[in-house]
Structure formats: structure tokens, C-alpha cells
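Step one of this worksheet: look at the structure below.
The values are calculated or read from the model by the stated rules, or taken from the named source; none is laboratory data. Treat the numbers as computed from the prediction; the structure is a model and nothing was measured. Positions of Cβ are generated from backbone atoms using ideal geometry, with glycine treated the same way; all protein chains shown enter the neighbour counts.
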Amino acid sequence: MNQPLGTRSLDSFRDPIRRASVDVSIVVDEGAGTSAHVGEVIESSTAQLVAESVRLNGAPAFGQFVRVETEPLPILGVVHNTRTQSLEANRRPSAYGKSEEELRLEQPQIFELLRTHFDVFVLGYLDGTHPVLAYPPQPARIHSFVHVCSTEQTRALTATEQLLRSLLEAPGLPTDELLLATLSHALDAREPALRQAYVLRTGKELSRLLRDDYDRLSALVGRLKDRMNSKDSQ
Amino acid sequence: MPGSRRSNAPTTVARPGSSYSLLDLTAVKGQVDAMVAAQVDAPALFEERLVQAVDLLVEWGQPDRWQQLQQMIQKARVSWLFADFCGPFCEGIDAPPRPQHLSVAATDGSQIFPDRHEISPCYLLNIGYVLLHYGSGERALISSRPQLYWQDQDLYQEWGGRRTGVSRDVVGFRRSLLELTELAELAAASQAEGHPTVALTDGTLIMWSLEGRAPDFRDDCLGQIRGAFDLLAERRIPVAGYISRPGGSDLVNALRVAMCPMTVTQCDQCPGLQSAGEDLPVVRPCDPLEGISDGVLLRRLLQPGQRSAVFGSTSQILSDYGAHHIHFFYVHVGKEVARVEIPAYVAEDQQLLDRVHACVIDQAAKGQGYPVSLAEAHERAVVRGADREAFYRYLEDMFVRHDIRARVSLKGLRKRSAGI
């Protein structure tokens with residue numbers, strides 16, 4: 001602050017550390033597989049973690065597989081919940097009756113006060129390029145970066161037999177919804193010619209895992225079929 | 001008693017079957033009741049006096065009358081603050097539309113005062129910065145910057161040849177100055193990047209409390225104030241101090257002179273004093289204006305969105321403001337009448353004045369009655385009790401970790417752990 005008056009740049013007033021990385025501009029969907037990180041871990045435990053999205057309203061999709069770059073090994077997980085809320089506990093957003101575009105022009109502060117967070121269920125870790133579906137030896141470190149899994153990583157992860165079991169056994173998650181969403185990402189990561197076989201294999205495995213719960217299984221298989229049909233017609 | 005407890009922390013102690021509070025509300029209740037009872041009858045009487053005051057304002061504010069009152073005030077031998085008239089003031093002035101593209105810069109500050117009962121007498125100033133761009137969709141700048149003052153020259157000062165430890169009010173001055181100089185810098189940086197900018201700060205631009213301070217301290221402060229205004233004036237950036245629920249009565253004081261029956265107003269020779277006897281209370285001719293503030297008065301004259309005429313302030317300290325004499329106007333922002341203070345270069349430039357007027361109305365509308373930029377700057381700046389605690393605990397940890405001998409005063413220690 002010892003410069004002559006009136007010579008400072010606007011950048012010199014920005015927060016040097018805190019929230020410097022959050023981009024609040026309107027989100028353009030860039031699709032999966034980009035190398036830049038999409039979030040940063042702000043709460044971490046062995047089985048679950050919470051990340052702050054780099055972009056407001058720009059968290060990875062529900063059911064998307066993510067990779068957390070951390071020590072000693074990168075952690076793999078699946079996004080099972082996303083929320084956008086006030087940054088400060090004692091300030092709640094309230095209705096303005098304006099479109100987002102109008103708000104950006106006339107109430108620009110709003111977008112600095114909101115953050116998108118997403119919850120990740122930890123599936124396993126990455127040993128070299130090989131996904132291991134078991135709890136990692138150490139939880140992700142706070143402030144580690146979260147990336148969307150590459151197509152190869154998604155393919156490898158969804159090829160393991162343990163995946164369905166891990167999801168079905170996960171406590172407190174919307175399991176069936178998550179199964180369908182992850183399947184959709186699994187199919188996206190495969191050549192169209194290989195998708196039919198993948199769905200068949202998944203169906204078989206599901207019927208084995210859910211053999212004691214016929215109602216649930218048939219509902220799941222029914223929705224699976226619908227999902228497939230709508231994917232084919234696209 | 002488990003753990004330690006400090007004065008700023010919540011003071012309720014959980015005890016089975018009882019609640020414990022330090023303020024004995026039952027004891028205050030009787031006094032509150034008496035206070036309320038005394039004020040119940042006031043509104044009707046006040047209303048009558050207020051109507052009278054508005055009539056006076058409209059009468060003397062006419063284009064053919066205000067100069068006459070001005071002359072009466074100039075002759076008056078009294079020591080109150082007066083509104084200095086710059087033209088007729090009997091009507092409200094409508095707000096011009098806000099320019100579509102406009103940026104609003106605002107700062108606010110708060111502090112951790114030096115506490116000699118703590119381990120170090122250092123202090124901290126935290127400035128909140130807000131820069132909001134309207135009409136362009138550009139990203140807002142909202143940030144804060146804390147600054148720790150701990151060196152000898154920060155904590156001890158020589159003013160008027162005496163070396164003294166820095167006091168709370170000196171820290172308060174430092175904070176006010178930093179708010180203003182940082183605001184000037186922020187607004188200048190914004191304007192330099194091509195944003196037409198208005199600079200807003202919370203509270204008065206008139207540092208009247210510098211009166212009576214050691215001359216070298218006062219000169220130092222005033223130099224910085226003038227420097228900030230010089231920069232803003234040179235870049236043609238309007239700056240305004242926004243005062244919510246203003247308590248001032250500069251304008252009402254002027255009307256007192258209008259009501260005065262003496263040819264030359266001189267309060268120590270007031271006819272009210274002469275007619276008062278042993279059992280008769282003093283009734284001054286201008287008593288009907290007692291208790292009326294400018295804000296209350298102008299709420300009756302101004303429509304929402306309108307501002308009053310611009311007045312000059314007659315505060316003593318302004319004689320040292322150089323070219324930047326502070327003026328003010330009142331503005332009806334919808335939910336209240338606020339006072340807006342501006343330096344001379346804004347008061348004299350219709351375009352800048354209009355920009356401030358439009359900006360203040362728009363800001364208050366966006367912030368549900370109080371300028372949104374100032375509210376956000378406050379949110380960034382504020383240092384709450386818990387933050388202060390955390391700051392001192394961190395300081396203590398660092399002292400211990402580096403083996404620096406640190407002592408909390410016995411009083412400070414007692415506050416932390418009030419045993420029974």
C-alpha cells in the first residue's frame with residue numbers, strides 16, 4: 001500500500017487466496033474428460049467427501065465418476081448429490097422475481113455469495129491405471145483437486161464386478177437412481193457396438209445381487225430397458 | 001469449572017435446572033416501563049410541531065426568501081452547526097435515471113482494538129472492498145484485506161512532542177482514513193479500466209472529531225483526506241458518504257433563526273430566558289423545533305426518490321479540507337431519508353451530482369433500503385467476537401511455539417476463567 005496514489009490495479013484488490021479460483025460465469029457444458037479440475041475437496045473421510053465446484057452450478061453430473069488427485073494414491077468416487085447454496089450460514093438467498101440474466105446485470109453480488117458443492121461416495125482408488133474397488137488407505141486430503149474420470153478410467157472402473165455391489169451396499173445413498181445414472185455414464189464410455197453386451201452383463205449381475213428382492217429388481221430392469229431404448233433412439 | 005471462558009464468548013453457563021444470565025432483566029424492567037410511559041403521549045404533540053416546521057421550511061426555502069434567511073444566519077451569534085444554503089430549498093428534486101452502465105465502489109472497515117490485557121498490544125484493521133458493475137454482466141469484486149499493526153511506529157506515537165501508546169480512538173481514525181484512501185484507490189483503479197464509477201463510503205466525510213487533536217496528528221490525517229479527494233477529483237470520480245437515519249439538524253438549526261424574534265439571534269439574550277421566573281420554565285421561541293432532526297423534517301417534504309437541495313456544512317474542521325469543502329443533501333430512498341455527503345467538486349458538477357443521486361436511489365432499492373454495496377462491504381469487513389478470539393488464540397499459539405515470553409494480564413486471565 002506504499003505505491004503513489006491512484007496507481008494500483010484492480011487485481012490488487014482481489015482476494016489473493018480465498019475463493020480466487022471459483023468461476024461464477026454462466027456455465028457452458030464442456031462435457032466430460034477435460035483435464036482441468038472441476039472441484040476442490042473441502043470435507044474428507046474414508047467413505048465420503050465433499051467438494052466445492054470450480055464453477056457455480058457447474059458440478060459434475062449426478063452419477064459421474066470422479067478422480068481425486070491426492071496422496072498416496074488417487075481416489076475414485078461417484079457424485080451422488082449436488083447443492084448450490086449461500087456461502088455464509090446466516091445469509092439465505094431470497095426470491096427476486098428476475099431472470100438470471102437480469103440478476104447478472106443488476107444484482108451481480110449474488111453470484112459471489114453462492115457456491116455449488118457436490119458429495120462424492122468413495123468407491124476405491126487408482127493403482128497405476130488399475131482401479132481397485134476397496135477403501136483407500138488414506139482419505140483424500142483437504143484442498144485436493146477433483147477431476148472428472150477420463151473415458152478410459154470410466155471404462156475400467158465400470159468393468160469391475162465389485163462396482164454394482166459397492167453401490168448397492170452403500171448406506172444412505174439413492175442407490176437405484178445412482179445405478180441407473182452410473183450405467184448411463186458407463187455406456188457413454190463404450191463403443192455403441194459393445195453397449196448391448198455391457199447391459200446384458202449388468203442385468204445378469206443385478207439379478208444375482210438382488211435375487212431376494214424381485215420387485216426392486218424388476219423395477220430396475222424395467223427402467224434400465226427404458227434408458228437403453230432412449231439412448232438407442234438418440 | 002470446565003474449560004476457559006472469556007468475556008466476549010456467550011456467557012450462559014449450562015447448569016441443570018437453571019439458566020444464568022449476567023444482565024438482570026427483572027431489575028431493568030421497571031425502568032423500561034417508565035421510559036415507555038413517558039413517551040406514549042409524545043407523538044401527537046410532535047406531529048403538530050413537525051407540521052409547523054415543514055411550513056417554515058417551505059416558506060423560507062422559496063427562491064425569493066432563502067437569501068434573507070442566509071443573511072440572518074450570518075449575523076446570528078450562536079455556535080450551532082448550520083446548513084449553508086446554495087439556493088432555494090423548498091422543493092424536492094426528482095432522481096435522474098441511473099446510467100445503464102455504472103460501477104459502484106464501496107469500502108467499509110472494522111478492527112481489533114489494541115488490548116493491553118492481551119499478550120500483545122498489536123491491533124488489526126480489516127477493510128472490506130466491493131466493486132459492483134451494473135449493466136455489463138461483469139463479475140463483481142468482493143474481497144477483504146486485514147492489516148496487522150505491531151511495529152513500534154504503529155503502537156507508539158509522538159504527537160505534540162509526547163510519546164503515547166496508540167489509543168482506541170487513534171485506531172478508529174486510522175480505520176476511517178484507510179476506508180477513504182482505499183476507496184479512492186479502488187474507484188480510481190475501476191475507472192482506469194474504463195468503468196464509470198461512483199465511490200460510496202459508510203458514514204460521514206466530515207472528520208469533525210479531529211478538532212482538538214494534537215496539530216501534527218490532525219495535519220497528518222487531513223493530508224491523507226485531501227490526498228484521497230484530490231485523486232478522486234482529478235479523475236472526476238464522484239464520492240459520497242452515506243448516512244442512514246441521520247441525526248443531524250443543520251437545516252432545523254437554520255429554521256430556528258427563522259423563528260427567532262430577535263433582529264440578531266443571540267441565544268444568551270433569548271427573550272425566553274427573561275420571561276422565565278422561579279417557577280416558570282424557560283420557553284424559547286424556537287422550542288417547537290426541539291427534538292426534530294433534518295431527516296424527520298425532510299421525510300415530510302420529499303417524495304420517494306427525491307433529494308433535497310444541496311447544502312454546505314459549517315463544520316469547523318472543513319476549513320482544513322482545502323478545496324474539498326463538504327456539502328450534503330438529504331434523499332428519500334424509499335424506506336427512510338438518508339443524508340449524503342459530497343465534496344465540493346461533486347456538489348458543483350451537475351453531472352456528478354446527478355450520478356450520485358441516481359446511484360444512491362438505485363443502490364438502496366437493490367439493498368432493501370440500504371445501499372447493497374455498503375452492506376456487502378460491511379459483511380466483508382466485520383470482525384466478530386469469535387474472529388477476535390480466534391485471532392488472539394492463534395497469536396498465543398505462535399508466541400508459545402517460538403518460545404517468546406508472553407503474558408496475559410491478570411485481569412485478562414481472570415476474564416478467561418472466572419472461577420467461583
- Given (1) of a type in the set (Gly, Ala, Ser); (2) modelled with pLDDT under 90; (3) surrounded by 14 or more Cβ atoms within 10 Å (Cβ to Cβ), where does B:Ala377 come up short, assuming only one miss? (2)
- If B:Glu389 passes every condition in (1) under 18 Å from B:Gln147 (Cα atoms); (2) acidic (Asp, Glu); (3) within 11 Å of chain A (Cβ to nearest Cβ) but one, which one does it miss? (3)
- Out of segment B:268-300, which residues are surrounded by 14 or more Cβ atoms within 10 Å (Cβ to Cβ), modelled with pLDDT of 85 or more, of a type outside the set (Lys, Arg) and not in a loop (DSSP other than H, G, I, E, B)? B:Asp287, B:Pro288, B:Leu289, B:Asp294, B:Gly295, B:Val296, B:Leu297, B:Leu298
- Query: What residue, among those in segment A:105-143 that are in a helix (DSSP H, G or I) and hydrophobic (A, V, I, L, M, F, W, C), is nearest to the other protein chains (Cβ to nearest Cβ)?
  - Reply: A:Leu105
- Task: Could you please find all residues in segment B:172-213 being within 25 Å of B:Ser319 (Cβ to Cβ), assigned to a loop (DSSP other than H, G, I, E, B) and either without any contact (Cβ under 8 Å) to a residue 24 or more places away in the chain or not polar (S, T, N, Q) (or both)?
- Result: B:Gly203, B:Leu205, B:Ile206, B:Met207, B:Glu211, B:Gly212, B:Arg213
- Item | Which listed residue, of A:Ala186, A:Ala193, is of a type in the set (A, V, I, L, M), farther than 25 Å from A:Phe121 by Cα and assigned to a helix (DSSP H, G or I) | A:Ala193
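Table: residues versus (1) modelled with pLDDT under 90; (2) outside any loop (DSSP other than H, G, I, E, B); (3) within 25 Å of A:Ala140 (Cα to Cα).
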| residue | (1), (2), (3) |
| --- | --- |
| A:Asn2 | yes, no, no |
| A:Leu5 | yes, no, no |
| A:Ala20 | yes, no, yes |
| A:Ser25 | yes, no, no |
| A:Ala36 | yes, no, yes |
| A:Ile42 | no, yes, yes |
| A:Val68 | no, yes, yes |
| A:Leu76 | no, yes, yes |
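Based on what the data block shows, is A:Ala61 away from chain B (no Cβ under 14 Å), part of a loop (DSSP other than H, G, I, E, B) and surrounded by fewer than 19 Cβ atoms within 10 Å (Cβ to Cβ)?
On the way: away from chain B (no Cβ under 14 Å): yes; part of a loop (DSSP other than H, G, I, E, B): yes; surrounded by fewer than 19 Cβ atoms within 10 Å (Cβ to Cβ): yes.
In short, yes.
Report yes if some residue within segment B:67-85 is assigned to a helix (DSSP H, G or I), within 15 Å of B:Gly291 (Cα to Cα) and in contact (Cβ under 8 Å) with a residue 40 or more places away in the chain; otherwise report no.
At the first step, the residues of segment B:67-85 found to be assigned to a helix (DSSP H, G or I) are B:67-75.
Checking the rest, the ones that are also within 15 Å of B:Gly291 (Cα to Cα) come to none.
So far as segment B:67-85 goes, no, none of its residues is assigned to a helix (DSSP H, G or I), within 15 Å of B:Gly291 (Cα to Cα) and in contact (Cβ under 8 Å) with a residue 40 or more places away in the chain.
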- Item | Filter result (farther than 18 Å from B:Ala187 by Cα, surrounded by fewer than 23 Cβ atoms within 10 Å (Cβ to Cβ) and without any contact (Cβ under 8 Å) to a residue 60 or more places away in the chain) within segment B:350-374 | B:Gln350, B:Ala365, B:Lys366, B:Gly367, B:Gln368, B:Gly369
- Message: Quick check on segment A:163-170. Is at least one of its residues under 21 Å from A:Leu133 (Cα atoms) and outside any helix (DSSP H, G or I)?
- Response: yes
- Query: For segment B:59-110, how many residues meet the condition of being of a type in the set (Lys, Arg), within 21 Å of B:Val346 (Cβ to Cβ) and more than 27 Å from the chain's Cα centre (by Cα)?
  - Reply: 0
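Is at least one residue of segment B:230-251 away from chain A (no Cβ under 14 Å), in contact (Cβ under 8 Å) with a residue 24 or more places away in the chain, under 24 Å from B:Pro121 (Cβ atoms) and exposed (fewer than 15 other Cβ atoms within 10 Å of the Cβ)? Outline the logic, then answer.
The first filter runs over segment B:230-251 and keeps only residues away from chain A (no Cβ under 14 Å), leaving B:238, B:240-251.
Going one step further and asking which of them are in contact (Cβ under 8 Å) with a residue 24 or more places away in the chain, we end up with B:238, B:240-251.
Filter once more, keeping what is under 24 Å from B:Pro121 (Cβ atoms): none.
No - not one qualifying residue is present in segment B:230-251.
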- Residues located in segment B:133-175, provided they are more than 12 Å from chain A (Cβ to nearest Cβ) and on the phi > 0 side of the Ramachandran plot: B:Gly160, B:Gly161
- Query: What do you reckon, is B:Leu45 more than 17 Å from B:Val264 (Cα to Cα), at pLDDT below 90 and more than 27 Å from the chain's Cα centre (by Cα)?
  - Reply: yes
- Message: Residues that are modelled with pLDDT under 95, farther than 30 Å from B:Asp219 by Cα, assigned to a loop (DSSP other than H, G, I, E, B) and not basic (Lys, Arg): does segment B:355-367 have at least one?
- Response: yes
- From (1) in contact with a Pro (Cβ under 6 Å, 6 or more places away or on another chain); (2) within 10 Å of chain A (Cβ to nearest Cβ), pick out the condition that doesn't hold for B:Thr107. (1)
- Query: Picking from A:Arg67, A:Arg83, which residue would you name as being surrounded by fewer than 18 Cβ atoms within 10 Å (Cβ to Cβ), touching a strand residue (DSSP E or B) at 6+ places or on another chain (Cβ under 8 Å), of a type in the set (Lys, Arg) and touching a residue at least 24 places away in the same chain (Cβ under 8 Å)?
  - Reply: A:Arg83
